[in-house]
Amino acid sequence: MPLFKLSDAVFDPILSIKSTAPVAAEQIGRRHVVDALITAPCPRARFLRSLNHFSTTVPQSPLSTIPHRKPQPSHSATLNSLLTTRYCHQVPPFSSLPRTFRRTIMSFGTSAASRLAGKTVLITGASSGIGRATAFEFVNASGGDIKLILTARREAALVSIKEEIEKAYPKSKVFPIAFDVSKLPAIDAFVDNLPAEAKDIDVLVNNAGMVHGVDQVGSIAQSDIDIMFQTNVFGLIALTQKLLPLFKEKGKGDIVNIGSIAGREPYPGGAIYCATKAAVKSFTETLRKELIASRIRVIEVDPGQVETEFSVVRFRGDKGKADAVYKGVEPLIAEDIAEVIVFAVSRRENVVIADTLVFPSHQASALIMHRKL
Ligand SMILES: NC(=O)c1ccc[n+]([C@@H]2O[C@H](COP(=O)([O-])OP(=O)(O)OC[C@H]3O[C@@H](n4cnc5c(N)ncnc54)[C@H](OP(=O)(O)O)[C@@H]3O)[C@@H](O)[C@H]2O)c1
């Protein structure tokens, strides 16, 4: 993931702008500033362009409320750290934006936005965690020029994501459609009944997945085996098969499958979940080989430990047990994986980020973690 360190030669002219630049930059967030800085012909123009970009893409921009004042030396450090800080939650909040848009943590540049422009993206498991964050990341990265089909079982959560996104990016279009990916007939009905304007899907993110329990072989409930395979494997395969003819007809498209470290390295107490993710890996690699003559990109992203509702589901709603999983460690956040997914999809058509394993820094394998207790 690129990080941008501005040289003084670039940075000083920005500070010389006799306007609200540093204050505005604090409130805008890193991405919009950097997007503009790296593409326009001179720093001043670049910076002004970023302000313009921000105020046109985010209607409730705070810019109109910023008082004009001369930049102070202290702004240099603030802006520089803002532009080089990896996570914007370390950046002063820009209060007039909706909560989700305050953490604009990526910086892909304007070419990513143009590559994503006008695309239709289908995300499964979009009601929480990685899927939800991916929806916001796509809309942020495209500047709102995108259609999102969001699916999961919890319709209310999908509808509230739609409202939040469309309010911030009126140009975007979000279709929240509830269905259960483990019920295979529901998949046919879901795809066949998509609204006409959402039918031409360009990107499929197969993210819906779950784990139940930590039982060891010999005492695993058949119902847990069934639900994990039906959701993580059969649902993913069925949806992929259903959409593949469309992608083949177009000669292109992106299929992003969310695997796991569990699919690479099985661990005690995870026999079934690990087996499902190993199946996802085999399926994904086969598909990439079968589609070698096409422009259909098959991408796998394998997260390590990410704090989402995943562990709460594993422990069947027992929040205490779920919290214990993250005791003494700093897990990834859903947005970290969302960044990787959107980064992969927004590369040039000839670039396939085929297989990515993403750990937090304390993790080195499924079970090797450094805990500060
Ligand atoms: N969190 C981690 O540490 C981790 C690590 C490696 C891989 N992963 C993988 O990342 C993916 C996303 O998980 P997450 O961490 O974001 O967990 P999460 O917060 O629990 O999200 C799981 C999503 O899947 C949806 N889902 C579950 N069963 C479904 C079904 N039968 N039909 C439709 N949607 C269903 C859920 O929505 P509804 O409940 O509304 O249906 C939810 O939106 C999963 O494939 C998981 O295996 C997670």
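What FRET efficiency do you get for ALA221 and GLU155 if R0 is 30 Å and r is their Cβ-Cβ distance, rounded to the nearest 0.05?
Values: r = 28 Å, r/R0 = 0.92.
After rounding to 0.05, the efficiency reads 0.60.
Given the Cα-Cα distance of ASP180 and LEU357 and 0.36 nm per residue of separation, how much length would full extension add, in nm?
Numbers: separation 177, 0.36 × 177 = 63.72 nm, distance 2.74 nm.
Roughly 61.0 nm would be gained on extension.
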- Message: Which residues does the label zone of GLU290 cover in the stretch 200-215, counting backbone N under 17 Å from a point 7 Å along Cα→Cβ?
- Response: 204, 206
- Item | 24 Å Cα-Cα reach of LYS147 towards lysines, excluding residues that sit fewer than 8 places from it in its own chain | LYS119, LYS162, LYS167, LYS171, LYS173, LYS199, LYS242, LYS248, LYS250, LYS252
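Less than 10 Å Cβ to Cβ from SER365, Lys/Arg counted +1 and Asp/Glu -1: what total charge do the surrounding residues give?
0
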- Over all Cα pairs of the stretch 283-373, how is the pair count split among 5 Å bins, expressed in % and running from 0 up to the last occupied bin? 3, 12, 18, 18, 16, 12, 10, 6, 3, 1, 0
- Query: For the residues GLU197, GLU163, GLU335, what sequence is obtained by ranking on other C-beta atoms within 10 Å, fewest first?
  - Reply: GLU197, GLU163, GLU335
- Task: Rounded to whole Hz and in sequence order, give me ³J(HN,Hα) for the stretch 343-354 from the Karplus expression 6.51 cos²θ - 1.76 cosθ + 1.60, θ = phi - 60°, writing x for Gly and Pro.
- Result: 4, 4, 6, 9, 7, 4, 4, 8, 10, 10, 7, 5
- Task: Can you tell me how much longer the chain between ASN350 and ARG115 gets when fully stretched, taken as 0.36 nm per residue apart minus their C-alpha distance, in nm with one decimal?
- Result: 83.4 nm
- Task: List the pair-distance distribution P(r) of the stretch 110-358, using every Cα-Cα distance, as the percent of pairs falling in each 5 Å bin from 0 up to the bin containing the longest distance, rounded to whole percents.
- Result: 1, 6, 14, 19, 21, 18, 12, 6, 3, 1, 0
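Note the full-extension length gain between ALA364 and LEU246 as 0.36 nm times their separation in residues minus their Cα-Cα distance, in nm to one decimal.
Working: separation 118, 0.36 × 118 = 42.48 nm, distance 3.89 nm.
Difference between extended and current length: 38.6 nm.
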- Given backbone amide H placed at 1.01 Å from N, residues whose amide H is under 5 Å from that of GLY125, ignoring those fewer than 5 places away on the same chain, are THR151, ALA152, ALA208
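Every number in this text was worked out from the coordinates using simple rules, so none of it is lab data. Only a predicted model underlies this, so the values are computations on that prediction, with no experimental measurement involved. Please note: Cβ atoms are built from the backbone with ideal geometry, for glycine as well, and neighbour counts cover all protein chains shown.
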